[in-house]
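Input: a single structure, listed below in structure tokens.
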Amino acid sequence: MSTQALNGLRYYLTGTLSIADMEWLAAELTEFARKEEHPQKPYTMEELNAMLDVAEADIAAGRVIDDEDAWDELDEALAHEKESQMAEAV
């Protein structure tokens with residue numbers, strides 16, 4: 001993309017977005033750019049098989065939680081995060 005086009009995009013966004021939205025977008029773009037700089041390499045079959053072996057051993061030893069408990073934990077965490085955000089906004 002040309003510098004002129006990027007400047008136009010920046011001008012549009014700064015005239016449209018709130019400061020909070022611009023900060024959020026900047027953080028998201030920065031995180032995305034960092035991931036692109038260091039893309040993940042694919043796993044080898046040996047690595048995948050080793051991970052499966054560990055997972056199967058964890059299941060056999062009972063070191064897992066069922067999916068209902070996992071969803072409940074996620075719901076709790078999201079509710080707590082939402083409460084924290086609401087408290088910060090007040």
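When segment 42-90 is filtered for residues that are of a type in the set (Ser, Thr, Tyr) and either at pLDDT 90 or above or in contact with a Leu (Cβ under 6 Å, 6 or more places away or on another chain) (or both), the ones remaining, listed by number, are 43, 44. Answer yes if at least one residue in segment 31-43 is open to solvent by less than 100 Å² (accessible area, probe 1.4 Å) and among the polar types (S, T, N, Q), and no otherwise. Scanning segment 31-43 turns up no residue that is open to solvent by less than 100 Å² (accessible area, probe 1.4 Å) and among the polar types (S, T, N, Q). Inclusion of residue 25 among residues that are open to solvent by less than 100 Å² (accessible area, probe 1.4 Å) and touching a residue at least 12 places away in the same chain (Cβ under 8 Å) is warranted.
The values are calculated or read from the model by the stated rules, or taken from the named source; none is laboratory data. Here the structure is a predicted model, which is why all the values come from computation and not from measurement. Heads up, the Cβs are rebuilt from the backbone with ideal geometry, glycines too, and the neighbour counts pull from every protein chain shown. Only protein heavy atoms, including side chains, enter the accessible area calculation; ligands, DNA and RNA are left aside. Shrake-Rupley method; radii C 1.70, N 1.55, O 1.52, S 1.80 Å.
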